[in-house]
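Worksheet: one structure, shown below.
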Amino acid sequence: MVTRNATNTIEFGIQEFGAPISYFTIDAGASLAGETNPGEAVEAITELMARKGTIIALGTENTGVFRVAIENSTWTQATLEAELQALGATVGSNNFNMAPCTVADFVL
């Protein structure tokens with residue numbers, strides 16, 4: 001019978017991805033709940049982020065605040081924030097305003 005060595009620990013918060021993952025909290029400044037259809041703001045945001053990494057996960061939107069995990073990302077907090085803000089005040093078919101957007105790093 002196989003037994004587990006008592007000195008081996010089971011740890012939480014461990015990731016088993018094949019490449020480094022970057023995590024960001026994005027505050028779009030207003031709710032994106034009505035911006036999830038093709039051609040709307042969420043599509044523009046995800047397409048921009050995917051230019052410099054592979055999106056692994058998007059967190060729940062809460063009045064415009066959501067989290068994203070990007071594998072092999074070359075984004076920094078500052079570059080992602082600047083590029084999202086540069087999308088401007090007329091993003092997508094509903095003219096969502098990304099100019100006040102902020103981005104912060106977070107650690108899982």
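The values are calculated or read from the model by the stated rules, or taken from the named source; none is laboratory data. Bear in mind the structure is a predicted one, so any value in this text is a computation, not a measurement. Cβ sites come from the backbone with ideal geometry, for glycine too, and all protein chains shown count toward neighbours.
Restricting attention to the stretch 1-17, does a residue exist that is of a type in the set (Gly, Ala, Ser) and modelled with pLDDT under 95? Yes, some residue in the stretch 1-17 is of a type in the set (Gly, Ala, Ser) and modelled with pLDDT under 95. Has the stretch 22-32 got any residue that is modelled with pLDDT of 95 or more, of a type outside the set (D, E, K, R) and surrounded by fewer than 12 Cβ atoms within 10 Å (Cβ to Cβ)? Checked the stretch 22-32: no residue is modelled with pLDDT of 95 or more, of a type outside the set (D, E, K, R) and surrounded by fewer than 12 Cβ atoms within 10 Å (Cβ to Cβ). Among the numbered conditions (1) at pLDDT 95 or above; (2) surrounded by fewer than 12 Cβ atoms within 10 Å (Cβ to Cβ); (3) β-branched (Val, Ile, Thr), tell me where residue 102 comes up short. Only one criterion is unmet by residue 102, namely (2).
The set of residues in the stretch 43-83 that are among the charged types (D, E, K, R), more than 12 Å from residue 23 (Cα to Cα) and buried (at least 16 other Cβ atoms within 10 Å of the Cβ) comprises 43, 52, 61, 81, 83.
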